[in-house]
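Quick notes on the structure that follows.
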Amino acid sequence: MTATSPRAPDLAADAAAGRIAQLRDAYREERERLIAAGHSLPVGRLIAALTRNADRTLRALWRAQHMPRSALLVAVGGYGRRDLFLHSDVDILLATAAPARGEVAQRIESFVAACWDVGLEISHSVRTREQCLAEAAGDITVQTSLLERRRLAGNRHLWADLDAQLRDAIRPAAFFSAKRLELRQRHAKYDDTPYSLEPNTKESPGGLRDLQVILWTAQAAGLGETWSDLAAADLMTMREARLLRSRERTIKGIRATLHRIAGRREDRLVFDLQTPVARELGFVDGDSRRASEELMQRYFLAAKTVTQLNTILMQNIATRLFAAPGEKPEPIDEEFSNRGGLLEANDPRIFERDPQAILRAFLTMQQHSELSGMATATLRAMWLARDGINPRGRASPASRALFLQILQQPRGITHELRRMNKWSILSRCLPPFRSIVGRMQHDLFHVYTVDTHILMVVRNVRRFAIAEHAHEYPFCSQLMAQMEKPWLLYVAALFHDIAKGRGGDHSLLGKVDALHFCHAHRIDPEDAALVGFLVEHHLTMSLVAQKRDLGDPEVIGGFADTVGTHERLNALYLLTVADIRGTGPKVWNAWKGRLLEDLYHATRRVLDGERPDAAHRIDARRRDAVRALNLGAIAPSLYEELWSRLDIAYFLRNDARDVAWHTRMLYRFPDTDKPIVRTRLAPGSEGFQVVVYLLDQDYLFARVCGYFAGKNLSVLEARIHTTGHGYALDSFHVVDPTGTVRYRDILSLIEAELTGQLERGGPLPTPGRARISRRSRSFPIRPQVDLRPDEQGLHYLLSIVAGDRTGLLYRIARVLGDHGVSLYTARVATLGERAEDVFLVDGASLSNPREQLRLETDLLAVLDPQR
């Protein structure tokens, strides 16, 4: 042995380390080059290049580590199918003929460590051939991963043997059933819709996983491994294959951009990333919509096509794998039959010959309650023939009559309109509908795409007409029963938001579309006028109810003039309730319902001939309040002193129930020297009411709002009044925005704590920094402040729009106090995460334009979400 021989192992280790360093540098250099070129490189080429880089590096490492001849390196999963994204795991299998022990185990451990040293984020498993077969037989996930296997390096005989045995072991029918169940469970997890606010580009319905399931089940059944293979096997047409490849490129491009911008494996289009991804992909903000909304519509349209073709192809594969049911179809008419509860076209080519048959199919679904759906072959035939519903076809009187018949049926309207939208038929019947399919609205309160929202509103209106749902909104059901032609409301619902995203006033643009539809479909001019009115004014009733002073007779009179008739009032009320409820699950609440109902009844009285003057309104409220107080054995002589100090404005702004409650709580203390705070559950609404009575003081409104903000409670409405002898009589409607508080349990605590805080006084606390939601951070609302005289020129209306957050009203109240502004009423409308507040205010400084500008500037400063 020479003197240098003990250095041989060290030299070998140094050489191996140097080789690994070279591989690491080469791998990372190529990866960084691909990341830098990613935004200009077609996504298919990017994925292929990333896969080749990983292949090259793994094979070089296999050689450098001198792996045993008996071992085998296999790419599996997404990497196996050459579908490697920037931050995807590199899935590999290290297979051996016998359990790895001794030097073989050490070599495998060394290889895995080297992979991580190089920078490969591997997900590895070490199994024998027998273990691979056993685990694949017992675990559908393992079986699916191994289905996409390809040899990278190692023992060819072991590969051939393992490949053949895995191929023989698969049971196509059982595999299909397991993957279809897995798909349904995954879809249910994501609410069975591709239209999520933050969709997962891989796992959500319409995502890449839906495409992979098709290819997995087809490959297991021996029907092909590519879209071209499936077309050659007559599972799909070449047109469908091209369309699917196009949608796949779109979604893969979005996912690749997500990985690049996030710098990690991120498959969700989360709010924070939607705007940067949109800009990276070339979308720009426009006058009427954000770049992120353009991106989301592109994604949703691609996902919608994927869901359509997934349904068709999975059923086509099932037809090849499973014997057709033996039951014979039961004829419905010359065109359609009932096969096992599914509508089946007797000749699927009928839709190509006569596109009107598409509408007749949906009409037949409505007219036959025994049908639960449509046969896949029929759906596919309709989908392929959908372009036959073109301008010439739509102009046919028969086609127009069929569409109206669908809207006029006694059942199935919502189901069939949704089915028509799912299969891209509805946008062929209503061309303006096409531009709002998949259109997201990043306004912090709409949680559905415009097309989904519209159909949700149709569904809500429809439920008013169904006896089984009368318990949900009894008053709406009562009004709906009075509608002579309820289907006119369905038409108005279809068009009320159809012009979203075009720029301009979508209500007026939608009215033009609605009137054009009515003219083309030969709807009676009087009925068409009602539809046009509803579309034009679908926001009016909500705005008046939530932002105007319903105690002002001129407000009620003006709204009555706008409505004009009982029929229009009934229809507008129904559409307004349905619209707000269809905006999002958290937008509607009982308080908004009460405001709308109060406005409805006040307007109805005016239309019935009641004089909309203040004196008449006050007399009526006084009489109703006296009757309520008499029930409590409270004689008028006991509260005459209190009432004598309350002016006209008080009785106009408070209804009889509130006047009676205030009187019962306060008549014993007209000149108290201590604060009086009383609470009760809000009658006919959610939340609770608070009345505060004490000698007026500066910043009183701010102090009360600060207390509620500290308890994480939200003020929906405030009415501020100063009596003739200088006392503040302020009332508040308060709710818990989280919905977790039991109101009855906290009323006594609120009374005690707020009374104590008002007695102590002291400086106002500094507002805390509120937590902003991810959605608000990603799609911030530009704060708006508008100050203008009210209709009578006696006070000012201050309108504020901003992103909602805890303590917002407190911040506003402090600014109003700083400027010496007196508050009379506050309406706080929260639409999702968007606050739209309206205040009736007054103050000497407001007549000075310079002081107005200072007030507006200070308000904008506190509305800034970063402060």
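The values are calculated or read from the model by the stated rules, or taken from the named source; none is laboratory data. Keep in mind the model is a prediction, meaning the values are calculated, not measured. FYI the Cβ positions are ideal-geometry reconstructions off the backbone, even for glycines, and counts take in every protein chain you see. These area figures cover heavy atoms from the full protein model, side chains too; ligands, DNA and RNA do not enter into them. Shrake-Rupley method; radii C 1.70, N 1.55, O 1.52, S 1.80 Å.
Relative to the dominant Cα principal axis of the chain, helix 172-189 is inclined by about 30°.
Exposed loop sites here mean GluC sites (Glu not before Pro) with a DSSP loop assignment and at most 10 other beta-carbon atoms within 10 Å; the chain contains its longest site-free run at 485-867. Solvent-accessible area assigned to carbon and sulfur over segment 634-731 amounts to 51 percent, based on a 1.4 Å probe. Eigenvalues of the alpha-carbon gyration tensor of segment 638-723, scaled by 5 and square-rooted, set the equivalent ellipsoid semi-axes at 21, 17, 12 angstrom, largest first.
Accessible area of W588 (1.4 Å probe, protein heavy atoms only, ligands and nucleic acids ignored): about 60 Å². Once you reduce segment 288-361 and segment 673-728 to the center of their Cα atoms, the two points are 59 Å from each other. Based on the Kirkwood radius over alpha-carbon pairs, what is the Stokes-Einstein translational diffusion coefficient of the chain at 20 °C with 1.002 mPa s viscosity, in µm²/s? Result for D is 67 µm²/s. Here K592 is the anchor, and the lysines within straight C-alpha reach of less than 18 Å, apart from those fewer than 8 places off in the same chain, are K547. Count Lys and Arg as plus one, Asp and Glu as minus one, and take only other residues whose Cβ is under 13 Å from that of I746; the net charge is then 0. Compared with the rule-of-thumb size 2.2 N^0.38 Å for a compact globular protein, segment 515-620 has a Cα radius of gyration ratio of 1.17. Compared with the dominant Cα axis of the chain, that is its longest principal axis, helix 506-520 is turned about 80°.
Taking every DSSP helix (H) stretch of at least 4 residues in the chain, weighting each as -39,500 (n - 2.57) and dividing the sum by the residue count yields a mean residue ellipticity at 222 nm of -17500 deg cm²/dmol.
Please compute the net charge surrounding V74, taking Lys and Arg as +1 and Asp and Glu as -1 over other residues with Cβ under 13 Å from its Cβ. Net of charged neighbours comes to +3. Net charge in the neighbourhood of T217 (other residues with Cβ under 9 Å of its Cβ; Lys, Arg +1, Asp, Glu -1) is +2.
At a temperature of 25 °C and a viscosity of 0.890 mPa s, determine how fast segment 445-531 diffuses translationally according to Stokes-Einstein, using the Kirkwood radius over alpha-carbon pairs as Rh; express D in µm²/s, rounded to the nearest whole number. The diffusion coefficient I find is 175 µm²/s. Here the relative contact order of the chain, from alpha carbon pairs under 8 Å that lie six or more residues apart, stands at 7 percent. Given a Förster distance of 25 angstrom, what is the FRET efficiency for E610 paired with L539, based on the Cβ-Cβ distance and rounded to 0.05? The calculated FRET efficiency here is 0.45. Computed on segment 812-866, with alpha-carbon pairs under 8 angstrom and 6+ residues apart, the relative contact order is 35 percent. Note on K202: lysines with a C-alpha under 20 Å away, same-chain residues under 8 apart excluded, are K179, K189, K252, K304. Proximity of backbone amide H atoms, modeled 1.01 Å from N, is registered between L41 and no other residue at under 5 Å, excluding neighbours fewer than 5 places apart on the same chain. Here, P(r) means the percent of Cα pairs in each 5 Å bin from 0 to the largest distance; for segment 547-680 it is 2, 9, 16, 17, 16, 14, 12, 8, 5, 2, 0. For the chain, the longest principal axis of the alpha carbon atoms and the long axis of helix 590-607 meet at an angle near 50°. Taken per residue, the accessible surface of the chain reaches 44 Å², heavy atoms only and a 1.4 Å probe.
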